[in-house]
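See below for the structure under consideration.
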Amino acid sequence: MQTGFRDGTFQLGAGVSTAAGIPDFRSPRTGLYARLAKLNLPYPRAVFELNYFRFNPIPFYTLTRELYPGRYRPTLTHTFVKLLSDGGLLHTCFTQNIDTLERQAGIPADKLVEAHGSFASQHCIDCKKEYDSARMRELVEKGEVVRCDNESCAGLVKPDIVFFGESFPELLSQSIPKIGTADLLFVIGTSLTVQPFAKLASMAPESCPRVLINLDFAGDIGTRADDVLLLGKCDAIIRDLCRELGWEETLDREWAK
Ligand code: OAD
Ligand code: ZN
C-alpha cells in the first residue's frame, strides 16, 4: 500500500455502526435516546447513570439485549480500519462504541482503545466480582436482569460500559497522548459531544490533517486549513476513498470474510 501517511488514527462513534443495524444515540427519531423515551426514563442519559441503574436496571438491560455482541456484523468502515492495520498504517483506533465491532473486524487489541468500555466483560456493582460471560449472555438473551452470584451480595451485574460519572478505562488516559503523534486523523460517525473523548480531535497536532466523515458537522473540524469535511454516509464515502486508492476489491473481499 502506497499512501502519504504512516500513522493513521481513528476517532469512531456510533455513526460507524448504524449501517450494521445499531442505532446511534442522538439522531432525531432513529437515535437510541429518542427510542428510549418509551421506557419512561426521567431523561434519556439516565440509562447510563449508576444511581438510576440501581433504582431501575430494566432500561439498561433492554439496551444491553438490543446491542449485545454477536447480533451484528462489522461495517465497511470498520473493515477499512482493519485494512490500514494490515498494511502497517494504523496508529490507534479510538472508539466510543460499546458494540465490539472493531474487535470483530479484526482490529488488533494493541491498536484499539475502547474509551467507553464494552460488553465483553461484566462485574457486580457492589462487591465488584467478575461475572461469567457465557452465563451473562444466556440470561441477557432470556431478558433477565442479572445479579451477582456471590451469595452474600446479590448486587446488580453491569457490563463494563462506562457510565456517566464513572472513571474511564486506564487505557484511555494512557492512550490520549498518542494523538500527539498522529499524522492523519479520521473522525467518523460521532457528534463529538461526550468528553474526554471529544477533545481528542482538537489535541491532534496542527500538522495532522483531520478528515471528518459524518452526516453532520462535528466539533471544531473545519476550522483548520488542512481539515477535510466529507459529509454523508460513512460506508459510501469509505468506498469512494478505497476506489480512488485502488483498494475497493480488497475492501469488499475483507468485508465478505
Ligand atoms: P451520537 O449519536 O451522538 O452521534 C452520531 C453521529 O453519527 C451523528 O453526528 C450522526 O449524524 C452521525 N451518523 C449517523 N449515521 C451515520 C452514517 N451512516 N454515516 C456517517 N455519520 C453518521 O453518537 P456518539 O458521538 O458516538 O455513551 O455518542 C457519544 C456517546 O454518547 C456514546 O459513546 C454514548 C452516548 O452517551 C456511552 O455509551 C456511555
Ligand atoms: Zn456482588
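Tabulated values for the structure
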| item | result |
| --- | --- |
| Where a label projected 7 Å from the Cα of residue 132 along Cα→Cβ would reach, residues of segment 139-161 with amide N under 20 Å | 139-160 |
| Highest to lowest packing among 238-246, 187-195, scored as the average C-beta count within 10 Å | 187-195, 238-246 |
| Hz values of 3J(HN,Hα) by residue in segment 169-184 - Karplus curve (6.51, -1.76, 1.60), Gly and Pro given as x | x, 3, 4, 5, 5, 5, 8, 3, x, 4, 4, x, 10, 6, 10, 7 |
| Surface share of carbon and sulfur [accessible, 1.4 angstrom probe, percent] for segment 144-257 | 53 |
| Residue 181 - accessible surface, heavy atoms, 1.4 Å probe, Å² rounded to 10 | 90 |
| Relative contact order %, segment 1-96, counting alpha carbon pairs below 8 Å whose residues are six or more apart | 45 |
| Computed over the chain: relative contact order in percent, which uses C-alpha pairs under 8 Å that are six or more apart | 21 |
| Segment 1-118 - Rg (one decimal) and Dmax (whole number), Cα, Å | 16.2, 55 |
| Relative packing of peptides 198-211, 163-176 - highest average C-beta neighbours within 10 Å first | 198-211, 163-176 |
| Accessible area (Å², per residue) of the chain, counting only protein heavy atoms and a probe of 1.4 Å | 48 |
| Cβ crowding within 10 Å averaged over residues, with 13-23, 57-67 ranked highest first | 13-23, 57-67 |
| Computed P(r) (all Cα pairs; segment 120-229; 10 Å bins; percent) | 13, 31, 21, 20, 13, 2, 0 |
| C-alpha center-to-center spacing [segment 115-138, segment 1-54] in angstrom | 20 |
| Distance (nanometres) between label positions extended 7 Å along Cα→Cβ at residue 6 and residue 37 | 5.1 |
| Residue-span extension gain [residue 121 to residue 30] - 0.36 nm each, minus C-alpha spacing | 30.0 nm |
| Under-5 Å amide H pairs with residue 112, H placed in peptide plane, nonlocal only | 93 |
| Residues whose placed amide H lies under 5 Å from that of residue 224, excluding near-sequence neighbours | none |
| Among beta bridges that DSSP assigns inside the chain, antiparallel share in %, nearest 5 | 20 |
| Qualifying trypsin sites (Lys or Arg not before Pro) in segment 69-124, DSSP loop, other Cβ atoms within 10 Å at most 15 | 71 |
| ³J(HN,Hα) computed for each position of segment 214-224 - Karplus, 6.51 cos²θ - 1.76 cosθ + 1.60, integer Hz, glycine/proline x | 7, 5, 10, 5, 8, x, 9, 6, x, 8, 9 |
| Cα-based Rg / Dmax (Å) for the chain | 18.8, 61 |
| Distance between modelled label sites at residue 50 and residue 173, nm, 7 Å Cα→Cβ extension | 1.5 |
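The values are calculated or read from the model by the stated rules, or taken from the named source; none is laboratory data. Bear in mind that the values here come from a model prediction, so they are computed numbers and not experimental data. All Cβ positions, glycine included, derive from the backbone under ideal geometry; neighbour counts span all protein chains shown. Protein only, heavy atoms only, side chains kept; ligands, DNA and RNA dropped before computing areas. Shrake-Rupley method; radii C 1.70, N 1.55, O 1.52, S 1.80 Å.
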